[in-house]
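Structure first, then comments.
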Amino acid sequence: MSSPLQQLVAEIEACRACALPHQHRPVVWVDARARILIAGQAPGRRVHESGVPWDDPSGDRLRTWLMLDRAAFYDKRNIAVAAMGFCYPGAVNGADLPPRRECAPLWRPRLLPLLKNVRLTLLVGAYAQRYHLGAAAKQTLGETVRAWRDYPAHVMPLPHPSWRNSAWLKRNPWFEADVLPELRRRVSSALR
Ligand code: SF4
């Protein structure tokens, strides 16, 4: 007999709530034992094709930030991945569209309570920050990330690790100097 979480994952995988210009492929990577939840934006094309979250250059940079190798990152007892949109939303002029609005309100209120062992939630990008922090999110992603000390220790706002944000990372050296050491400390503590 499957668990409530397994049943919900099966429901999500069968979801066709959005009209998409391509095949639906919800990517939800969860296990009730996971200690860290990564709340990102939505799968890109490569992840849409592989079905494996963060299996792309952004994922490589994220793993560097977390100081986790692929084996630790993809061990579902460690990490759960539930983006704000589970399906690839498509792209316009080479840029991925935002996560589908329908997805988070439809699934997160049912999914998050089943991830009972999560000790740390990483809010990767403005969509996840606005959803999880609500009114506490600042006007811009940069301001929210910079205010990381103002939020509870079990949430950490991060920029998206996409190459598109390389210029932002260069302009904001405090992120590598101040945020990454604390992020690594919290990740290590959550997985201990
Ligand atoms: S993006 Fe979310 S709501 Fe839309 S079809 Fe995929 S799983 Fe369903």
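The values are calculated or read from the model by the stated rules, or taken from the named source; none is laboratory data. Keep in mind that what you see is a predicted model, and the values were worked out from it rather than measured. When we count neighbours, we look across all protein chains shown, and the Cβ atoms used for this are built from the backbone with ideal geometry, even at glycine.
Restricting the search to the range 53-74, which residues are in a loop (DSSP other than H, G, I, E, B), surrounded by 15 or more Cβ atoms within 10 Å (Cβ to Cβ) and over 13 Å from the mean Cα position of the chain (by Cα)? Give the derivation first.
Filtering the range 53-74 for residues in a loop (DSSP other than H, G, I, E, B) gives 53-56, 67-69, 74.
Retained after the next criterion (residues that are surrounded by 15 or more Cβ atoms within 10 Å (Cβ to Cβ)): 53-56, 68, 74.
Result: D56, L68, Y74.
For the range 112-192, which fully contained helices (runs of 4 or more DSSP H) count at least 2 residues that are surrounded by 15 or more Cβ atoms within 10 Å (Cβ to Cβ) and modelled with pLDDT of 95 or more? Before the answer, list the steps.
Working: elements: 126-133, 141-146, 166-171, 180-191.
It comes to 126-133, 141-146, 180-191.
Can you tell me how many residues in the range 18-39 are away from the ligand (no atom under 11 Å from the Cβ) and touching a His at 6+ places or on another chain (Cβ under 7 Å)?
1
For the range 73-129, give me each residue that is within 16 Å of the ligand (Cβ to nearest atom), charged (D, E, K, R) and closer than 23 Å to R35 by Cα.
R108, R110
Given L5, L20, which one is in contact (Cβ under 8 Å) with a residue 60 or more places away in the chain and within 22 Å of L112 (Cβ to Cβ)? Steps first, answer last, please.
Numbers: L20 fails: within 22 Å of L112 (Cβ to Cβ).
Unique residue meeting the criteria: L5.
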